[in-house]
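Engineer: Handing you this structure, nothing more for now.
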There are 2 protein chains.
Amino acid sequence: MNWLDSLRWDRDGLVPVIAQEQESGDVLMFAWMNRDALAETARRGEAVYWSRSRQRLWHKGEESGHVQKVHEIRTDCDNDVVLLKVTQQGHEPAEPSIACHTGRHSCFFQRHENGEWHSVEPVLKDPEAIYR
Amino acid sequence: MNWLDSLRWDRDGLVPVIAQEQESGDVLMFAWMNRDALAETARRGEAVYWSRSRQRLWHKGEESGHVQKVHEIRTDCDNDVVLLKVTQQGHEPAEPSIACHTGRHSCFFQRHENGEWHSVEPVLKDPEAIYR
């Protein structure tokens, strides 16, 4: 059986995807893929997601330059989630690792403390400079 | 605003949840929570998920003893995904860290290689001994 057929796509034809930084182990972001996105990710060796808001394939970094080089594609015991191990690339080689559209390293920068969410990660680059 | 209200629950009233091991950074599993599950997770300091198959709250480890002690609850830039940083506890103190019902450390034990999925993580404990 084709490796794409053995995944359990949801009622919208999608699977949830976790992107984890290969070097640090940090969870960078969460997104979705359809079958074409996962096939394209494997073919290119770079993360290609399905944008639910724009309803189209989204080659991560196509605007920002923040491409994710894919080292491993994994799935879980239920075959219904994908885990990517990636190297987060910057717009320029010397840039820090930025996965989030807010200019932060990781999208998971809000931490629960006593009934409130607090931002606990710094903005590494002004988003206006990322998406100019 | 209540911290639970600021999350964007999906059309089923759920959010996807990633459980990451605090000590190793390994992504252990992926599950779902409804509002009650997340409130209960914060109250107990242990992961409580919403079981979509059983349609009830699922205190992880209630059968297996493989409880997840929660250190941090995070959400992402879109407020629609939760990341837990956990210590995976065993049935006995000396047991290795097992999150998966197959007896493996992580649920993400299948890796894509040349169009096939390969199991690349060992079974640490016989599932029949976990759920006896």
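Please treat every number below as a calculation from the coordinates, not as lab data. Because the structure is predicted, anything quoted here is derived from the model rather than measured. Heads up, the Cβs are rebuilt from the backbone with ideal geometry, glycines too, and the neighbour counts pull from every protein chain shown.
Engineer: Which cross-chain or sequence-distant (5 or more) residues have an amide H under 5 Å from the amide H of A:PHE109, H modelled 1.01 Å from N in plane?
Structural biologist: Close amide H contacts, sequence-distant or interchain: B:CYS77.
Engineer: Give me the net charge for the shell around B:HIS118: Cβ to Cβ below 12 angstrom, other residues only, Lys and Arg +1, Asp and Glu -1.
Structural biologist: So the environment of B:HIS118 carries a net charge of -2.
Engineer: Counting other Cβ atoms within 10 Å, which chymotrypsin sites (Phe, Trp or Tyr not before Pro) in the stretch B:89-132 have at most 13 and lie in a DSSP loop?
Structural biologist: B:TYR131
Engineer: Sequence gap at least 6, Cα distance under 8 Å: using those rules, report the relative contact order of chain A to the nearest whole percent. Walk me through the intermediate numbers first.
Structural biologist: On the way: 248 pairs, mean separation 27.0, N = 132.
With pairs under 8 Å counted, the relative contact order is 20 percent.
Engineer: Which of B:GLU92, B:GLU21, B:GLU121 moves most in a GNM of chain B, Cα contacts under 10 Å?
Structural biologist: B:GLU92
Engineer: Sticking with this one: Whole angstrom only: what separates the Cα centroid of the stretch A:19-55 from the Cα centroid of the stretch A:58-132?
Structural biologist: Answer, in whole Å: 11.
Engineer: Using a Gaussian network model on chain B with a 10 Å cutoff between Cα atoms, which of B:VAL81, B:VAL67, B:VAL48 fluctuates the most?
Structural biologist: Per the Cα network of chain B with a 10 Å cutoff, B:VAL81 tops the list.
Engineer: Normalise the Cα radius of gyration of chain A by 2.2 N^0.38 Å (N = residues in it) and let me know the number.
Structural biologist: Compactness ratio reported: 1.09.
Engineer: Using a 10 Å cut-off around each Cβ of peptide B:67-79, what is the average number of partner chain Cβ atoms that fall inside?
Structural biologist: 5
Engineer: Further question on the same structure: Pairing the Cα long axis of helix A:35-44 with the longest principal axis of chain A, what angle in degrees results, from 0 to 90 and rounded to the nearest 10?
Structural biologist: 70
Engineer: For chain B, set up a GNM with springs between Cα atoms under 10 Å and report which of B:ALA37, B:ALA19, B:ALA47 has the largest fluctuation.
Structural biologist: Checking each option, the largest mean-square fluctuation is seen for B:ALA37.
Engineer: Taking just the C-alpha trace of the protein assembly as shown, give me its Rg and Dmax in Å.
Structural biologist: Rg then Dmax for the protein assembly as shown, in Å: 18.1, 59.
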